[in-house]
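Taking it in order: structure first as structure tokens, then the write-up.
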4 protein chains.
Amino acid sequence: MLEYHDVTVRVRYAETDQMGVVYHSNYLIWYEVGRVELMRALGFEYKQMEIQDDTFIVVADVHCRYHQPARYDELLTVRTRILEAKTRTLKFGYELFRQPDNKLLATGHTIHVACNRAGHVTHFPEKYKQAFLKIAGQNANRSHA
Amino acid sequence: MLEYHDVTVRVRYAETDQMGVVYHSNYLIWYEVGRVELMRALGFEYKQMEIQDDTFIVVADVHCRYHQPARYDELLTVRTRILEAKTRTLKFGYELFRQPDNKLLATGHTIHVACNRAGHVTHFPEKYKQAFLKIAGQNANRSHA
Amino acid sequence: MLEYHDVTVRVRYAETDQMGVVYHSNYLIWYEVGRVELMRALGFEYKQMEIQDDTFIVVADVHCRYHQPARYDELLTVRTRILEAKTRTLKFGYELFRQPDNKLLATGHTIHVACNRAGHVTHFPEKYKQAFLKIAGQNANRSHA
Amino acid sequence: MLEYHDVTVRVRYAETDQMGVVYHSNYLIWYEVGRVELMRALGFEYKQMEIQDDTFIVVADVHCRYHQPARYDELLTVRTRILEAKTRTLKFGYELFRQPDNKLLATGHTIHVACNRAGHVTHFPEKYKQAFLKIAGQNANRSHA
């Protein structure tokens, strides 16, 4: 069973800043790519979650620790886990590695709340909840990350 | 009568790239700030145009020429004009100046189409059209920009 | 003596996403604006810190909690504090308020390490350190934020 | 011989705006991905062009026409050509297609000037120039795009 999901991103010039490294807010966008692709690997399109199920995964909390800078044109692995799944909330964990030396560049987590289109807190539909719980169980000992 | 509108933006670190200058796509965002503030100076909130009048100014065409690089922390003047106003389309012109030496850094234009929420082409509501036409008249000889 | 510094930003269209609210990574960019303006209020230009003093404030850690969504065209107050100042590190705290109702939208912190152009950890030059310590003293009881 | 190069990008949530479509400045970033990957297909890493050859491809002019909106999570093909190659300048052309129906979403071009690290105009090193000229020859009849 899926414990984590890896996706590769290549650093764009637009993502660098005048220090010659990636500007720090862009890591959050890669984390977004990571969780969307994790969901796709679980058989879900986040797009359909919004359209068909009126369920939006709203970001409530973000943490990121920067260990080593990411640089232009590098290939990076975004490793994403589900650390906690509850009726209304979801916690993802992230590790960012540089390819090919597998150096750990950053770690982080995001906490999300299920909301409907009107912005009210809701439950995750059952099919998502079951899938999230299964994968979260694989990472139970990491939920403090 | 208003011929153009000036607004000041300060360059953010996030907007620079590893060349040590502003990444070129960010100029388009400053142009957005320019046209929104031009509309505000005309007495309109673009936000209300979307909400109350179901009219969205969709970007159909963008051109930008970069004369001199903008750099971190500089104060810039975005000078915005309406070059052409028609029933369904609007053309804005932009000049970007560095303060305080008034050096011209960039010029550009954007062409927009009035659409409703459903994405269909529509007319600009009369109150906007009249205001746009007045200011466009001031810039008639510049519409080739 | 300065305990915190307030700066106003207006939400740009480019900063929104298809949920109709601001995309979460943009808050980090406003926090950058907040700390740069706090330094300016202390009499320092961060730009000169890089150029003249070969000292870069590298982001090592970011946390942001999202209480209420920020929306297009809103005027926001970024309130920035220095929570901790050490020889080589600096911790800023942030509160983001919506104007004019003063609703708290987000809180956060960033931790920074002083590095030189070569990317090696260094000391903050004395003039900065003294100023940072003074203002950090005002916020001693908040350093857990 | 290579006439154009195709690369796929997937639309990120961060790239959408509250109209529910991609914010227009992001197309320029995809065009950047397109020209970097075209150069890689020619056997060059743009990164090394900066580091080893002290040659930066500075953007001097951008045009983009938006035919149909790109939307969240779509897979897009960025088709990039070299339209003109001269001693000091380079013109790229772009077509953006939505997969899988191959709908044309946008077209555009960028003009670039070769500069060294100090920001002065320079010549493209011979190895690049020869490669650029070859591919530009394939697109001679399109140089008006």
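Where a number appears in this text, it was derived from the coordinates with a stated rule and is not lab data. Just so we're clear, the structure is a prediction, and the values are computed from it rather than from any experiment. Don't worry about glycine lacking a Cβ; one is built from the backbone with ideal geometry, like all the others, and counts go over all protein chains shown.
Observations on the model:
- Magnitude of the charge dipole, the protein assembly as shown, Cβ model with Lys/Arg +1 and Asp/Glu -1, debye to 20: 0
- Here's the picture: charge each Lys and Arg Cβ at +1 and each Asp and Glu Cβ at -1 in segment C:5-139, and of C:Y13, C:H123, C:V36 the one pushed furthest to the positive end of that dipole is C:H123.
- Shielding by other protein chains, D:90-103, mean Cβ within 10 Å: 0
- Highest mobility in the GNM of chain D, judged by mean-square fluctuation with C-alpha springs under 10 Å and restricted to D:Q52, D:Q18, D:Q99, is found for D:Q18.
- Relative to the longest principal axis of the Cα atoms of chain C, helix C:26-41 runs at roughly 50 degrees.
- Label sites at A:K103 and C:R40, each approximated as a point 7 angstrom past Cα along Cα to Cβ, lie 3.4 nm apart.
- Projected over every direction and averaged, the convex hull enclosing the alpha-carbon atoms of the protein assembly as shown yields 27.4 nm².
- Partner shielding of D:26-36 amounts to 4, given as the average count of beta-carbon atoms from other chains within 10 Å of each residue beta-carbon.
- Exam field: B:R65 pseudo-label spacings to other copies (7 Å along Cα-Cβ), nanometres: 2.0, 5.2, 5.2
- Put in line by how crowded their Cβ is, counting other Cβ atoms within 10 Å and starting with the fewest, D:H67, C:H112 read D:H67, C:H112.
- Where the Cα pairs of segment A:11-58 fall when distances are cut into 10 Å bins, in %: 23, 38, 24, 14, 1
- Averaged over D:63-76, number of beta-carbon atoms from partner chains that fall within 10 Å: 4
- Normalised by the number of residues in segment D:95-145, the average gap of Cα pairs under 8 Å and 6 or more apart makes the relative contact order 21 percent.
- Two-site FRET efficiency, C:D54 against A:K86, from Cβ-Cβ distance with R₀ of 45 Å, rounded to 0.05: 0.40
- For D:C115, C:C64, order by how many other beta-carbon atoms lie within 10 Å, fewest first: D:C115, C:C64
- Helix A:126-138 and the long axis of chain A differ in direction by around 50°, with both axes built from C-alpha atoms.
- Contact order normalised by residue count of chain B, Cα under 8 Å, 6+ apart, percent: 28
- Comparing B:I29, B:I82, B:I111 in a Gaussian network model of chain B where C-alpha atoms under 10 Å apart are linked, the largest mean-square fluctuation is found at B:I29.
- Modelled FRET efficiency - R0 56 Å, C:E3 with D:K127, Cβ distances, 0.05 increments: 0.45
- With bins 10 Å wide beginning at 0, the percent of Cα pairs of chain A falling in each bin runs 12, 41, 32, 14, 1.
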